[in-house]
Amino acid sequence: RAPRAGALGAPPPPRPPPARTYMLLVDLLLLTQEPAFCEAAKARVSARDASFYVEASLRAPSAAALATAVLIGAAHAALGRGGRDVYQLTTALAAAANLAPAAAPLPPHVGSRLVRLVERLAARHARLAAAGDPEARVMEDLTRVGLEVVAAAAAAALAPVGGGGRGAAPPKPAPDPAAADLVYALLHRADAFA
């Protein structure tokens, strides 16, 4: 996101036109399909390099976590337009699903935004299904993709570490402590997943 007006004494740059936003999302979707890109995205970036992201403080996130934060923001923005921008929503969710294992563990703010996104998708699906709207099927599919992002991020963050080699003891579960933030966000909004 761009800095707010007055931040650092500079007005925010104009928003990119939708066509450019779509192209950036498609490019990122294509890149996230490459395992080498996702592996390279695990590298940490400095807080100064992530200073454009003003929604929350992300202390030395990985490039994948930062990209996931931006993708989740794009999905929220698409839902904010009445959920009519299904193309932006689908592309952002698909890229986030591809990147989720590399982004784990998600920073607390990003994990809670992700859970809130799935909650919003589920609520929109419920409203459309109750109205008998045929678009409910699309929202159901998008909700499933959102759940896949959550599952991939949680599975990667909670994966056991250690072990390896012949005769070595099996790996013992040692999840990253930051994974607790995603689990907490899921438990906090558990009623949305009923």
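Subtracting the Cα-Cα distance of A126 and E39 from 0.36 nm times their residue separation leaves 27.6 nm of extension gain. Computed in the context of the full set of protein chains, the accessible area of segment 64-152 at 1.4 Å probe radius has 60% of its extent on carbon or sulfur. If you stretched the chain out fully between R20 and E148, how much longer would it get, using 0.36 nm times the residue separation minus the C-alpha to C-alpha distance? So the extension gain works out to 43.4 nm.
The values are calculated or read from the model by the stated rules, or taken from the named source; none is laboratory data. No experiment lies behind these values; they were computed from the predicted model shown. Just so you know, the surface numbers come from the protein's heavy atoms only, side chains and all, with ligands and any DNA or RNA stripped out. Shrake-Rupley method; radii C 1.70, N 1.55, O 1.52, S 1.80 Å.
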